[in-house]
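Novice: Dropping the structure in here first, questions after.
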Amino acid sequence: MSLGEKLLYLRKQTGLSQEDVAEKLGVSRQTVSKWETDQTVPELIKAKLLSQLYNVSYDYLISGSHIGGDLTSIEMIVDEIDWTSAWSKKYPILSSYQGIKGIDTYSEKISELYDAFKNEFGFNDSDTVLVLKDILYQKYKIAKKKTK
């Protein structure tokens, strides 16, 4: 049974309409319809909320669907997550820094650094992001040790 078929079955079992589910999850009825017809898949947080709404385990909900343990499928879902929005709940600066005066200058500089780094080392986009992120993380760890 696909994820969409499970979602449709579970919704009907609970006697909820697509509108009811949409309202409880903060999405449109059309989004619920697309999930149920396997046109799209819910974000990870929405899948978790669906499992809670239908009182089933998250594993049950996604097992046997194209979200399963296949790394490629998981990567496809991860690529669709708005990480800035997801992480801004824990780190509010992520939802507000874009409005800080002068931040666009640094954004441009980082973008230029990204392009130069990618070209110099011949990395693809994913590797460029991962290596630059790791370099920044190492810098963060050193700075954090100094403040202790």
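Novice: For the pair Lys12 and Ser28, how long in nm is the line joining their label points, each one 7 Å along Cα→Cβ?
Specialist: 2.5 nm
Novice: Can you tell me the dipole magnitude for the chain around its Cα centre, using point charges on the Cβ only (Lys, Arg +1; Asp, Glu -1), in Debye to the nearest 20?
Specialist: For the chain, the charge dipole is close to 1020 debye.
Novice: For Glu120 and Lys89 in one chain, what is 0.36 nm times their gap in residues minus the Cα-Cα distance, to one decimal in nm?
Specialist: Working: separation 31, 0.36 × 31 = 11.16 nm, distance 3.57 nm.
This chain segment gains 7.6 nm when fully extended.
Novice: Rounded to the nearest 500, what is the 222 nm mean residue ellipticity of the chain from helices alone, with -39500 (n - 2.57) per DSSP H run of 4+ residues and division by all residues?
Specialist: Calculated mean residue ellipticity at 222 nm is -21000 deg cm²/dmol.
Novice: Normalised by the number of residues in the chain, what is the relative contact order in percent for Cα pairs under 8 Å and 6+ residues apart?
Specialist: 17 percent
Novice: While we're looking at this one, here's another question. If you bin every alpha carbon distance in the stretch 99-147 into 10 Å steps from zero, what whole percent lands in each bin?
Specialist: Pair shares across the bins are 23, 39, 34, 4.
Novice: What does the extension gain come out to for Asp134 and Tyr58, with contour length at 0.36 nm per residue minus their alpha carbon separation? Mind showing how you got there, number by number?
Specialist: Values: separation 76, 0.36 × 76 = 27.36 nm, distance 3.08 nm.
Gain in length upon complete extension: 24.3 nm.
Novice: Here are some values of volume of the Cα convex hull per residue in Å³: (i) 142; (ii) 105; (iii) 175. Which one was computed from this structure?
Specialist: It is the value labelled (iii).
Novice: Of Gln30, Leu50, Asn119, whose Cα points farthest to the positive end of the dipole of the chain (charges on the beta-carbon: +1 Lys, Arg; -1 Asp, Glu; origin at the Cα centre)?
Specialist: It is Leu50.
Values in this text are rule-based calculations from the coordinates and carry no lab data. Since we're looking at a predicted model, the values are computed, not measured. As a convention, Cβ positions derive from the backbone with ideal geometry for all residues, glycine included, and neighbour counts pool all protein chains shown.
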